[in-house]
1. With each label point set 7 Å from Cα along the Cα-Cβ vector, what nm distance links A:E87 and B:R210?
2. Nearest 500 deg cm²/dmol is fine: what mean residue ellipticity at 222 nm does chain A get from its DSSP H runs of n ≥ 4 alone, each adding -39,500 (n - 2.57), divided by its residue count?
3. Would you jot down the residues in the range A:90-137 that end up with at least 50 Å² less accessible area in the complete protein assembly than in the chain alone, with a 1.4 Å probe?
4. Please report the net charge: other residues with Cβ closer than 14 Å to the Cβ of B:S251, K and R +1, D and E -1.
5. Assuming a ≥ b ≥ c are the square roots of the Cα gyration tensor eigenvalues, decide whether the range A:1-103 counts as rounded (a/c under 1.5), prolate (otherwise, with a/b larger than b/c) or oblate.
6. Ignoring everything except DSSP H segments at least 4 long, calculate the 222 nm mean residue ellipticity for chain B; use -39,500 (n - 2.57) per segment, divide by total residues, nearest 500.
7. Short version: which residues of the range B:84-128 lose at least 10 Å² of accessible area, all chains versus chain alone, 1.4 Å probe?
8. Nearest 100 Å² is fine: how much accessible area is buried between B and A, summed over both sides, with a 1.4 Å probe?
Amino acid sequence: MKLFIMTILNGLTLAALYFLVASGFTLVFGVMRNVNLAHGSLFLLGAYVGFDVAEATGSWVLGAAGGFVAIAILGLLLQVCIFRFMEGQDLRQTLVTIGISIILADVMLAVWGGVTYQFEIPDALYGVTRLPIIKVYTTYRLFILLIAVVIGLALWLFLDKTRVGMMIRAGVDDRDMLAATGVNVHRVFAIVFTIGAGLAGFAGVVGGSALSIAPGEDLRYLLASLVVVIVGGMGSVGGAALGALLIGLAEQFGLAYSPTYGVVYTFIIMVLTLAFRPQGLLGRRA
Amino acid sequence: MRGSNAQVIRGTSQADVLWHVLVFVFLLVYPWIASPFWTVQIGAQSLILGMIALSLTFLAGYGGMVSLAQVSVAGCAGYTVAVLGVNSFNMGLGWPWLAAVILAIVIATLFGTLIGAISVQTTGIYTIMITLAIAVGFYYFARQNYNILNGWNGFAGLKPPVIGGVNWRDPVPFYYLSLAVVAVAYFVVVYLRRSTFGLSLQGIRDNDRRMQALGFNVRAHRILAYTVAALIASFGGVLMIWLNGRISPGSIGIGPTIDILVIAVIGGLGHPVGAFIGAVLFTLLENFAIDLIASERFNLLIGAVFLAIVLFSPDGLLGLWQKLRQWTAPATH
C-alpha cells in the first residue's frame, strides 16, 4: 500500500514536470505545425542558464526567472530569424530544429562540461512534508505539482479569456483563416514560440532542481514531450495535461513494479492511442 | 522538401551508365590502392553507413515518409545476431552464423514492418515524431533490459565467419563483402524507382488521395515500403556489428539515429546515390575533424554542415550538383 501511494505521488510529480515541458511543445506545434525537436535542448539550456543565475544571485527564484527569460528570448530569435522564412515547409523546419539541437547539445557540453549539476532549492521547500499512510514526502515534489497546476490554470486563462489567446486558438484551428481576418499571424507565431520556449526553460530549472542537470536530459524530456503530445493530442494543452498524467504514472508504475520492461508501458499506451485514436485523446483531426 | 524531388522519371542515359561503370571500377580497385585504414575505417564504414541511410532515402525519397527508426531496425538485426550467435560474454546461444543471420534479418524486417504499420496511421511530420519516439524507446528498452540484451554493456566479440579459408574480418575481404551487399541493395533501389511498386509509391508520395481514388491501397503500399527499407537496413545492421565487433545501446541511441538522417539529407534524398555521397562526407569529417577543429567538437561541425545544407540546399549535395550543371549548361534547359 505504501509503495502504491508512493508510486502514485511520484507519477503525479513526473506528470507535472512532463506537462510543463510538453505544454510549450504542443502549443508551438498546434499553431505553427512546427515540430520543435530542439525542445529538449531548450529545456536543458534553461536549466544550465538558470543554474548559473541562481549561483550568481544566490536566489532560486531569480534562477527560474532567468531560465524562462533567456530561453524565451532564444525562442523569439529562432522564430524571427529562421522559422518565419520557411513557413509551411514542415519537414524542413523539423530538420532545422534537429540541426539546432545537435549544435546546442555540443555547445552545452563545451560550456558546462559533462558533470552533473544540482540546484540548491529554497529553504522553505527543502525537506519533507508529513502525509498520511506514506508518512513523509519531499516538499519540493509537492511544490512541482502546485506549479504545474498554477501554470496550467494560467495557460488556460490566457488562451480562453484574452484576445491574444483567442487568436492563438483560432490559429490552431485554421491558420489561413486567421490570417485572412487581418490578424498579424507573424506576431502570434512569435508570441507562441516565445511562451513555448520560455516554458521549456522554466521547466528546465524546476525539473533540474527535482532531479539533476546533466547531458542527455535534453533527450529524455524531448522523448517525454513527443509521447505526451502524441497521446494527448497535438496542439491541445488539455491533451498535454492528460497525456502527461498517463505517461508519468505509467513510467513510475513500470519503474516500481517491473524495472526491466518499464519503457514498454509507455509505448503500449502510445501504440494503442495511435491504433484507435490517431489524432490523440483530445486532439482534433487536422 | 516534399515535392522538390518529384522530378520526371527519365530513362537511364548513356552518361549515367558511364558514371556507374567508372565509380564501380574505382570501388573495385580501391582496396589495392588504399591502406587497410582507408579500406575499412573509411571505405567499408562509408558503404555500411550509406546502406542504412539508403533505406531512409528509399522511404523518404520514394515514399515521402521520413522514418527515424531505421537505425533501430539495423540495431534489431545486430542484436539478434549477437544474441543467437557467438559473443564474448558467453551469452550467445551459439547458433551457426548463417542461421543467426537469416533469422536476424527476418526478425528485423518484421520489426521494421511493424514500425511501418504503426507510423502509417499518420503522415507527414507526425511520422518523424512517432518513429523518433519508437527509436528512443527502443534505446531505453535495450539499456534497461539485462535479461536478454545485457543492458548498458551490450555485446562484444562479434565477428564475421571464416568461410572457404577466407577470414572475412580481414580488411580486403570485409570491404568486398560490404561492397557486394551494398551494390545489390543499391541496384535494387534504383530498379524499384521504375518498377510498378516504385511508381505507385511515388504517386502516393505526391498525392495520396488521388492514388486512393484510383483504387490503390495506399496503406499497404506504405507498409510494404517500410518492409523493403527494413530489409535493406537489417543487412546494414549485420554488416555494422561485424565491422565494429560490438553492439550496445549506444549504437542504436539518438546519436546514430540522427547521424543516419544527417547522412541522407546531406547527400540528398532525390537519388539513392545521395545516401553514399553523404556517408563518405560524414565518415571523412568524422575521422578528420581533428585536423579542422578539435576532435571532440565533431558534432558542432557536422551539425553546422547539416544546418547549412537544410537552410541553403534542401536537396543536399546532389541538389547543389544539379544546380551547378544547370548553370554551366543553360542551353539544354
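The values are calculated or read from the model by the stated rules, or taken from the named source; none is laboratory data. None of these values were measured; they are calculated from a predicted model. For neighbour counting, all protein chains shown are included, and Cβ atoms are generated from backbone atoms with ideal geometry for every residue, glycine included. Areas reflect the complete protein model, heavy atoms only, side chains present, ligands, DNA and RNA absent. Shrake-Rupley method; radii C 1.70, N 1.55, O 1.52, S 1.80 Å.
1. Rounded to a tenth, the inter-label distance reads 2.7 nm.
2. Helix contribution divided over all residues of chain A: -25500 deg cm²/dmol.
3. At a threshold of 50 Å² (probe 1.4 Å), the residues of the range A:90-137 that become less exposed are A:L91, A:R92, A:L95, A:I98, A:I102, A:I103, A:D106.
4. The answer is +1.
5. The shape class here is oblate.
6. Working: 13 runs with 221 residues, N = 333.
Result for chain B: -22500 deg cm²/dmol, rounded to the nearest 500.
7. By number: B:I118, B:Q121, B:T122, B:I125, B:Y126, B:I128.
8. Working: alone 16430 and 13570 Å², together 26370 Å².
That pair hides around 3600 Å² of surface in total.
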